[in-house]
Amino acid sequence: MEMKWYSCAAVWVAAIFLLVNALMLSKPFLLFDSSKYPYHGWSWWVFNDLRHNQEHYNICLIGSSLVVKPNSEVEANYLGKAINLTSYHNAAYLDNLLSTRFGGSFRTYNLSAPGLMVSDAYLALKTFFSSGQRSDIVLYAIAPRDFIDSSVKNIADTDSFKYLQRQVSADELGEFMTDSPIEKLEWWLQQNCYLYHKALDLQMALADTTQPWLDKFLPSPAIKPGLMLADKERLLPKFKSATTYPERSEVKPSERALVEKQFYDNRGEYLERYQWPNLYSTELKCLQKVIALCQKRHVQLVLVNMPLLPENLSLLPAGFYDRFRQDTMKLAEASSVPFIDMSRAPAFQHKDYYDPVHLNGFGGERLFHLLVSHLADSSASEYVRQSGLAQLARYHDIAAKALYADFQFLRERRQFH
Amino acid sequence: MLFNSLQYLIFLPSVWVLYWIIPQRLRVPLLLVASYIFYMSWKPEYGLLILALTLANFAGGLLISKATTDKSKRLWLALTVTGNLVTLGYFKYAQLFVSTTASTAHLFHINWHEPTLSIILPLGISFFVFEFIHYAVEIYRGKPPVKSLPQFALFASFFPTQIAGPIKRYLDFIPQLSVPAKFHWEYLDDGLQLILLGLFKKTMLADQLAIVVQSGFANVHDFSGLDHWLITYAFAFQIFYDFAGYTDIARGSAMLFGYKVPVNFNLPYLAANVSDFWHRWHISLSTWLRDYLFIPLGGSRGSTLCTYRNLFLTMALGGLWHGASWHFLVWGAYQGLLLIAHKELERTLKTFGWHERLMRSRLYHAFSIACTFQMVCVGWVLFRADDLRIALRILQKLFLKAPFELAHWGLSHLTILQLRDPQIFPALLILLPSLMVAHVLTGWLNNKTFYTNPPFVARLASMLLLVSLLLVYSTDASPKFIYFQF
């Protein structure tokens, strides 16, 4: 007997699937912890630290490795001890400079992560603000590599993007996906197919369910020496390759004489990364979104164009750097955002650099000094000063509240006795 | 485009809908255009290659059939087959020839500058060349040629089977193109079921096992002998599910249009001997090798020695077909030796009166299956290793180190258990026996009606489960199918 359409299981599968999908998208009954992620990349550590932190930060510092590298060395030197970048996300040296210059108190949270594109920075700021933090000032250090990177074909390809889009909606960036119809389809599926959207969470949930059974029935043998981290990386080079390990993230204080002798030539790497500026216009639009986000949140944004050595600038496509400067300055001007252009600063010398693009700790110190000096001369100076005072008042308030709580406790003890 | 890609997810339904709404006379041209789009999505210029081969073989077939004398028939056949083999030889084996010549020259201290060849292997060339050769030989043997060029072109380029088979027989496929097609809901049901099952085999099984296999074969020294046995078994199932999964998707895709293409696998790891294995593994290739290589060489018509020679040559060349590297030739030769050994064993056992009773016993049958599986797995080491050196290192670990490890430490020193993430590593000790049990179970269920023709609810539930699992576990960054490289 010929099969009728109502006997065809495929028809019912399609119908049931569409119905259940619509239901689950409108009323998701499975709740997942968005902060959970299969591996811990830079952005995961940044926000993990923030989650366990109740402090109020009036300054937010953000950028790529161009900020991470110098700031980490500055901090280690300033504090006189090793810092671990997976758990330390502050800028005490900068805070001190700001306090000295403006008075008041400053506390910076550093959202910077190596490889951060502007689109990632947008999501990072959005996540930061949605966590309840309301910084007064965002210092965003930019450089050409934040706008162009040949290893990134689509803004959603970066590790930071993949993690951050789980924390906040990235729907408004959907229009910036590449022109590739397949990638647009993938993006659409992620937004509109529940199982596809939650695939990672479901995979983690299933893995968590089976892990105890595996540990119970097939435990790891207790043999010495066991597998080291380097062994695992050699055996599985591409597996969770964006993981940042605490044991590899320590930065120690450095000696100037030694640091100035070290210089790493990464021109080959950057020549490749600068090859195709295909994402430039997209990232410029993302910078507009960053500016709009800060304006909406009544947060003072300050753009800082980072200094680069000529060896790195010469690797950019002809005319690109001037175009980049012009475009970012215009955007800043149009929105009355202070633009501090460090690229023209004669203060930076070859010995201030770790490589043609990253400052070392001593270059970082120079950077922060100049930054604070420029801030004092900018349109944002009064705002910065007020922020410092407000932060101080907050501390006094907290201190006052703590004193009052102590006083209450003592009074109750005396009454009791 | 890969079968497990989003491109195919758009391509297949689009072609399928168009196919069933357009008039009958436009369906073959539609499939032909779709097949060329499918092929050229990889590298547009190679569409010309398959077109040129199609035209040449179509003309060759007509010339063979129209030839009036035996001599001219043989001449046209020789030209057609040679043309196909030269094309295959150039694209697939030129680099091997050049590098082997260079190595040999170096061995004899001859100064020879190795030319740089930038030849990219056209996808599927091994498969459609074999289909063309089959066609030419069958015409020579008296079968009628295909009169319609579009039908012939579709025979070679049919997108479900274009890249990695099954190798079709024109007399099975072409007549289906002439039958006026009427849509049946069974086509959708059965086709989609096969596609989903194939994707499950590829995504959930083969790709997961690939993680272990890739790590094991790339880092031989880091794994113990016992680890390597597990990795070898993992590869045995990886290659099976990868290829069987691909074949299921190919068959399912063809079924959506109402076409049947050959079954390529029949529970190969339940084979009781190597000969049985080759009746169950890559069936379309092994029957092609039998019909167009083994039999023309003389088959088993001559003396025992001649038969063994023909077997050995057929399997060795069949091994080389899999890849332009000497370890594939060694693998093929190994299979040839196993077949010879099997024939010798059969001959020897026949001299004993009790051999038939022995062979009928279940214990012997189970023992045979286990031995055959082990021997096939050893062959897989030769197949998978990047070169002979690595293969020998692994074999050394399997046979010299593993027994010692088992005697002294048992499973306590398995590196696989120390790698907890991804879970496939420790889970291997549960997964591999489960896959073997599933293999046995499938063999038992294949005779049961509730399995071959399950009730509606069972079909619905299984398809829903497969769709859900695939959405959760699919990725567009999946490693490509193993047999695509041939």
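The values are calculated or read from the model by the stated rules, or taken from the named source; none is laboratory data. This structure is a prediction, so every number in the text was calculated from the model and none was measured. Positions of Cβ are generated from backbone atoms using ideal geometry, with glycine treated the same way; all protein chains shown enter the neighbour counts.
Points to keep in mind about this one:
Yes or no, residue by residue, for (1) more than 23 Å from B:Leu471 (Cα to Cα); (2) in contact (Cβ under 8 Å) with a residue 60 or more places away in the chain; (3) within 11 Å of another protein chain (Cβ to nearest Cβ); (4) touching a strand residue (DSSP E or B) at 6+ places or on another chain (Cβ under 7 Å):
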residue	(1), (2), (3), (4)
B:Asp189	no, yes, yes, no
B:Gln208	no, yes, no, no
B:Leu226	yes, yes, no, no
B:Asp242	no, yes, no, no
B:Lys260	yes, yes, no, no
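- Exactly one residue among A:Gln191, A:Gln275, A:Gln203 is under 30 Å from A:Arg323 (Cβ atoms) and surrounded by fewer than 16 Cβ atoms within 10 Å (Cβ to Cβ), and that residue is A:Gln275.
- Which listed residue is exposed (fewer than 12 other Cβ atoms within 10 Å of the Cβ) and out of contact with any strand residue (DSSP E or B) (no Cβ under 6 Å at 6 or more places or on another chain), from B:Lys350, B:Lys343: B:Lys350
- Leading residue by the ranking (farthest from B:Leu123 (Cα to Cα)) among those in segment B:163-184 that are in a helix (DSSP H, G or I) and out of contact with any Leu (no Cβ under 8 Å at 6 or more places or on another chain): B:Ser178
- Checked against (1) in a helix (DSSP H, G or I); (2) at pLDDT below 95; (3) more than 14 Å from every other protein chain (Cβ to nearest Cβ); (4) within 30 Å of B:Ser118 (Cβ to Cβ), B:Trp42 passes all but a single condition, namely (1).
- Neighbours by Cβ (under 8 Å, 6+ apart or cross-chain): first from segment A:244-270, within 22 Å of A:Arg366 (Cα to Cα); second surrounded by fewer than 12 Cβ atoms within 10 Å (Cβ to Cβ) and among the charged types (D, E, K, R): A:Pro253/A:Lys81
- Among the residues of segment A:305-317, those identified as over 16 Å from A:Phe147 (Cβ atoms) and either of a type in the set (S, T, N, Q) or surrounded by fewer than 18 Cβ atoms within 10 Å (Cβ to Cβ) (or both) are A:Pro310, A:Glu311, A:Ser314.
- Cross-chain or 6+ apart pairs with Cβ under 7 Å, segment B:401-424 first and more than 7 Å from chain A (Cβ to nearest Cβ) and farther than 30 Å from B:Tyr473 by Cβ, then among the aromatic types (Phe, Trp, Tyr) and part of a helix (DSSP H, G or I): B:Ala402/B:Trp229
- Number of residues in segment A:317-338 that are in contact (Cβ under 8 Å) with a residue 40 or more places away in the chain, assigned to a helix (DSSP H, G or I) and either more than 23 Å from A:Arg273 (Cβ to Cβ) or small (Gly, Ala, Ser) (or both) equals 1.
- Selection from segment B:109-149 of residues that are more than 20 Å from B:Thr87 (Cα to Cα), surrounded by fewer than 14 Cβ atoms within 10 Å (Cβ to Cβ) and within 27 Å of the chain's Cα centre (by Cα): B:Arg141
- Residue within segment B:384-400 that is on the phi < 0 side of the Ramachandran plot, within 14 Å of another protein chain (Cβ to nearest Cβ) and part of a loop (DSSP other than H, G, I, E, B) present: no
- Matching helices (runs of 4 or more DSSP H) fully within segment A:121-229 where at least 2 residues are aliphatic (A, V, I, L, M) and within 14 Å of another protein chain (Cβ to nearest Cβ): A:181-192, A:199-217
- Meets criteria (more than 14 Å from chain B (Cβ to nearest Cβ), among the hydrophobic types (A, V, I, L, M, F, W, C) and farther than 30 Å from A:Lys351 by Cα) for A:Ala9: no
- In segment A:230-242, residue farthest from the other protein chains (Cβ to nearest Cβ) [restricted to those that are without any contact (Cβ under 8 Å) to a residue 60 or more places away in the chain and surrounded by 12 or more Cβ atoms within 10 Å (Cβ to Cβ)]: A:Glu233
- Being under 23 Å from the mean Cα position of the chain (by Cα) and part of a helix (DSSP H, G or I) holds for only one residue in B:Leu154, B:Leu188, and it is B:Leu154.
- Residue match in segment B:62-70 (condition: surrounded by 15 or more Cβ atoms within 10 Å (Cβ to Cβ), in a helix (DSSP H, G or I) and of a type in the set (D, E, K, R)): no
- Long-range neighbours under 6 Å by Cβ, at least six apart or interchain, first residue in contact (Cβ under 8 Å) with a residue 40 or more places away in the chain and under 14 Å from B:His134 (Cβ atoms) within segment B:52-71, second among the β-branched types (Val, Ile, Thr) and crowded, with 17+ Cβ neighbours inside 10 Å: B:Gly60/B:Thr80; B:Gly61/B:Ile139; B:Ile64/B:Ile139
- Condition met for B:Tyr170 (among the aromatic types (Phe, Trp, Tyr), surrounded by 20 or more Cβ atoms within 10 Å (Cβ to Cβ), in contact with a helix residue (DSSP H, G or I) (Cβ under 9 Å, 6 or more places away or on another chain) and closer than 30 Å to B:Met375 by Cα): no
- Selected residue (only one of A:Phe29, A:Phe106 is without any contact (Cβ under 8 Å) to a residue 60 or more places away in the chain and either in a loop (DSSP other than H, G, I, E, B) or touching a helix residue (DSSP H, G or I) at 6+ places or on another chain (Cβ under 8 Å) (or both)): A:Phe29
- Pairs where the first residue, in segment B:449-460, is within 12 Å of another protein chain (Cβ to nearest Cβ) and the second is modelled with pLDDT under 85, C-beta under 8 Å, 6+ apart: B:Ala458/B:Phe450
- Options A:Gly80, A:Gly63; residue that is more than 14 Å from chain B (Cβ to nearest Cβ), in contact (Cβ under 8 Å) with a residue 12 or more places away in the chain, within 20 Å of A:Phe362 (Cα to Cα) and surrounded by fewer than 23 Cβ atoms within 10 Å (Cβ to Cβ): A:Gly80
- Unique match (being of a type in the set (Phe, Trp, Tyr), within 21 Å of A:Leu301 (Cβ to Cβ) and at pLDDT 95 or above) among A:Tyr78, A:Tyr109, A:Tyr88, A:Tyr57: A:Tyr109
- Flag if B:Gln193 is buried (at least 23 other Cβ atoms within 10 Å of the Cβ), on the phi < 0 side of the Ramachandran plot and of a type outside the set (Val, Ile, Thr): no
- Scanning segment B:366-390 for residues that are among the aromatic types (Phe, Trp, Tyr) and crowded, with 18+ Cβ neighbours inside 10 Å returns B:Phe373, B:Trp380, B:Phe383.
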